[in-house]
Each structure stands twice: as C-alpha cells, then as structure tokens.
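These notes are about the structure you will find just below.
Rule-based calculations on the coordinates, nothing more; no lab input. This is a predicted model, so every value here is computed, not measured. Counting neighbours? That spans all protein chains shown, and the Cβs are built from the backbone with ideal geometry, glycine included.
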C-alpha cells in the first residue's frame, strides 16, 4: 500500500487504529509517531475523519513499516494508536471541531420564496419589457416578416391578458408557490433528522456507534485461513472470505495479536463512554 495506511482494526469502522495503519496513529509519544512518519496534527485529523465519516481514512504513512514489525510490536502500536485516538476524542479540541463540523455541514433550511403577488408583478414587468422590445424592433425587420411577427406579438398579448383574467389559473400559480416551499421544508426536515441521527450532538454517541461496528466486524475475522496463489497474489481459498470488504481483509493481514489488541481497546473505550 505504499505511502498509505488504512487505520484498520482498532475502534470500529472508526478504522483508525490497526492493521494498515495502527501504528500511524500511534500514541502520544513523538518517537512512535515519528516511526510511522506522522505528526500529532495528521493523527488528529485522521481520528476526526474516522469518527465523523466512518470508513477508513487515508493518511500518509507506511503499511510496509507496520507489516515489518513483529506481532507483539504491531499489537503495541495498535494499543498506542488506541490511546491516542481515545485521548484526542475526549479532548475539548475534538469536541470543538466536531461541533464546528455539525454547524458547517448541517442541512440548511430553504429560503422562503417571494409571494405570488411579488413574483406575478415581476413577471408582468418582464413581459411588458419583452413586448416593448419586440414592438420596437418590428420596423427594423424585413417587410415580408413584419406581419408574421405582429401576429406573434398579438397572440402573446392575447394569451397574457387571458391568463390575467383567469382566476383559476392565478389561484393555481399561487398554490404552486406555496406547495413548492412546503415541499422544500419537508425535504429539509427529513435531511436534518437524518443528519442528527448520523451526527448526534454528543460525539460519544457516534464514537460508540463506530466502536460497536468495529467489534461486530472484527469478531468475524479468523485467526487462520487458507490462502492460495492467484495470478501472483495470495487470496483466500474460501470464496466467502475472499468476498469480504477490504477493511476486513486488512484486519486479517494485521494478525490476531493486533486484532485482539484493537478489540480490547475498543471494548474498554466503549465501556467508558456508555
């Protein structure tokens, strides 16, 4: 994976801890961060991304570095990453950024439209200007086209006057303005409800959701599974395992000690915030 790391198995879909990138989010110690070519700022950004959006954020780092570690060292890196993620997610700085994200990314209510009376007046003014322009340009047209254009102008004028006198049509237009705005408000309410479910005011509620998702997923990762070469790459012999998502496979590649360390950290964190 070259200079990318999937913060894999440690804290849920939070994916900011293990396998592919456990070490990269590694602990408070500068030497651990330096080992995986990370800064505290980058690690914090990755944690926020994992909590806010779920999934598996990419950060500069090295899966190769992680894979080169012994199983024990990988597990240690995962624990360090969990410590870092948990400490940052508990900080005022994290809570402030989370609140800012909610403010900036929350659905915006629709802008109330102009009343039909206002829109009607504007449309009439625009129509009158268009008629005046067409009439002004009529003498400039070739003689053989003037009658046809005059007929068009007369027809448009007659249609406009008929609509102006049609009370049913005017009522329908006014209703369409109201219904359109009501539809926008309903859509906004639905979007806001979903947003609040996806990004609750208390960040710990979302952290708990990510942790639970990770624990459920990682519980299905076997300690051992048969791999077979396919076109120069090792793949699971069991097709059901080969069909698993990338994150699941990275957990497997990270090894059981790393997954166990990630699960222990996730369980402890979940217990502390529930």
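Name all residues of segment 98-119 having a backbone nitrogen under 18 Å from the label point set 7 Å from the Cα of residue 176 along its Cα→Cβ direction, giving them as ranges.
113-119
Say each of residue 159 and residue 226 gets a label point 7 Å from the Cα, pointing the same way as Cα to Cβ; how far apart are those two points in nm?
In this crude spin-label approximation the distance works out to 7.5 nm.
Calculate the FRET efficiency for residue 104 and residue 183 from the Cβ-Cβ distance with a Förster distance of 22 Å, rounded to the nearest 0.05. Before the final figure, lay out the partial values.
Details: r = 25 Å, r/R0 = 1.15.
That gives a FRET efficiency of 0.30.
Set the Förster distance to 22 Å, then compute FRET efficiency between residue 169 and residue 132 from the Cβ-Cβ distance, nearest 0.05.
Values: r = 24 Å, r/R0 = 1.08.
Approximately 0.40, to the nearest 0.05.
Quick one: compute the contact order of the chain, relative version, from alpha carbon pairs under 8 angstrom and 6+ residues apart, as a percent.
Values: 386 pairs, mean separation 79.9, N = 274.
The normalised contact order for the chain reaches 29 percent.
Mean-square fluctuation check for the chain, GNM, Cα pairs under 10 Å: which of 248, 63, 116 is largest?
Of the options given, 116 has the highest mean-square fluctuation.
Hey, fewest Cβ within 10 Å first, where do 90, 115, 258 land in order?
On the way: 90 15, 115 12, 258 31.
Fewest-to-most ranking of 90, 115, 258: 115, 90, 258.
Cut-off 10 angstrom, C-alpha nodes, Gaussian network model of the chain. Which of 234, 145, 172 fluctuates the most?
Highest fluctuation among the options: 145.
At 222 nm, what helix-only mean residue ellipticity would the chain give, in deg cm²/dmol to the nearest 500, using -39500 (n - 2.57) for each DSSP H run of four or more? If you can, show how the numbers build up before the last one.
Working: 12 runs with 183 residues, N = 274.
Here the helix-only value at 222 nm equals -22000 deg cm²/dmol.
List the residues of segment 82-115 whose backbone N lies under 18 Å from a point placed 7 Å from the Cα of residue 196 along the Cα-to-Cβ direction.
Residues 99-110 fall inside that zone.
Of the residues 170, 35, 44, which exhibits the maximal mean-square fluctuation in a Gaussian network model of the chain defined by a 10 Å Cα contact cut-off?
In this elastic network of the chain, the residue with the biggest mean-square fluctuation among 170, 35, 44 is 170.
Could you tell me how far the Cα centroid of segment 84-145 sits from the Cα centroid of segment 231-274, in Å?
Each part reduced to its Cα centre gives a spacing of 47 Å.
So if I take the alpha carbon set of segment 44-155, get Rg, then get Rh from the Kirkwood formula, what is the Rg over Rh ratio?
The Rg/Rh ratio comes out at 1.56.
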